[in-house]
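**Q** Sharing a structure below in structure tokens format, with a few things to ask.
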Amino acid sequence: MNALVIDCAVSRLCIAAKKDKIEAKLCLDVGNKQSEKLLPAIDYIMKEVSLEPKDLDYTAVTLGPGTFTGLRLGLSALKAMNLAHKIPVYGIPSLDAYAWPFRKSLESVVSLIEAKEDEFFYAFYLRGEKIKPEEDKEISEIIKQFDAEATILACGPASKVFVERSNELYPLYSVHAFTPENDACDSLFQIAEKMIENKESPMQDYDGPLYVRKSEAELNLEKK
């Protein structure tokens, strides 16, 4: 299948496209320059696999939680393609996408994205099934939910930071990570195609990002 996916849950943007078995991916750690770089990056990746937007069978994006700016940009770009070419957009919860490679793990899995200092968006998974909805909490609150006698596998963009901090603060817990800097592009391809196979509906015009917490702008507005 021909597809374009965007992992925009964190400041490190990753865009990938595939045409049959040919794939190309570009990751840009550009911070607040995401809005400048996203569209040129999409154009570059599409050209690398000789695709035009009209040739796409589907697109997919990390739906959230994650950075407010990145999520809005990624989803807006793909919805514009949907509007112009009727290409279905599949929104994949970010933490699900990062946990996907470990769905057959015998260990409990915690998928993590940094929210603020010592605060993380997270969700727990067992044999690929999410145990409860995404939350954001301080590291001490997350650790309290661990079984002290079990080994926990951390994944996602914040796994390295989380493992370092948890081992420093709670050395008796067994928390480790295999891929601390992974992106979700391959997972987005696989999950979206599973959704298509299962005849699950793509995103509708009114669907938006999955936010776990309010933005700084919303919080500041409430204080006024």
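The values are calculated or read from the model by the stated rules, or taken from the named source; none is laboratory data. Please read these numbers as outputs of a predicted model, since none were measured by experiment. Don't worry about glycine lacking a Cβ; one is built from the backbone with ideal geometry, like all the others, and counts go over all protein chains shown. For accessibility, only protein heavy atoms count, side chains too; no ligands or nucleic acids. Shrake-Rupley method; radii C 1.70, N 1.55, O 1.52, S 1.80 Å.
**Q** With respect to I87, is the statement that it is closer than 26 Å to N198 by Cβ, surrounded by 21 or more Cβ atoms within 10 Å (Cβ to Cβ) and either hydrophobic (A, V, I, L, M, F, W, C) or within 12 Å of the chain's Cα centre (by Cα) (or both) true?
**A** yes
**Q** Could you tell me which numbered condition K21 fails, if it satisfies all but one of (1) closer than 13 Å to F189 by Cα; (2) in contact (Cβ under 8 Å) with a residue 12 or more places away in the chain?
**A** Unmet condition: (2).
**Q** Are any of the residues in the stretch 75-83 touching a Lys or Arg at 6+ places or on another chain (Cβ under 8 Å) and open to solvent by less than 70 Å² (accessible area, probe 1.4 Å)?
**A** Just the residues of the stretch 75-83 that are touching a Lys or Arg at 6+ places or on another chain (Cβ under 8 Å), to begin with: none.
For the stretch 75-83, residues touching a Lys or Arg at 6+ places or on another chain (Cβ under 8 Å) and open to solvent by less than 70 Å² (accessible area, probe 1.4 Å): absent.
**Q** With the requirement that a residue be crowded, with 16+ Cβ neighbours inside 10 Å, assigned to a strand (DSSP E or B) and aliphatic (A, V, I, L, M), what does the stretch 16-38 give you?
**A** Hits for the stretch 16-38 are A16, A17, A24, L26, L28.
**Q** Given the stretch 93-188, what helices (runs of 4 or more DSSP H) lie entirely inside it while holding 3 or more residues that are open to solvent by 50 Å² or more (accessible area, probe 1.4 Å)?
**A** Counting at least 3 such residues, we get 159-169.
**Q** Would you be able to tell me the number of residues in the stretch 4-54 that are touching a helix residue (DSSP H, G or I) at 6+ places or on another chain (Cβ under 7 Å) and of a type in the set (G, A, S)?
**A** Within the stretch 4-54, residues that are touching a helix residue (DSSP H, G or I) at 6+ places or on another chain (Cβ under 7 Å) and of a type in the set (G, A, S) number 6.
**Q** Of all residues in the stretch 17-37, which are modelled with pLDDT of 95 or more and within 16 Å of L75 (Cβ to Cβ)?
**A** Listed by number, the list is empty, since nothing qualifies.
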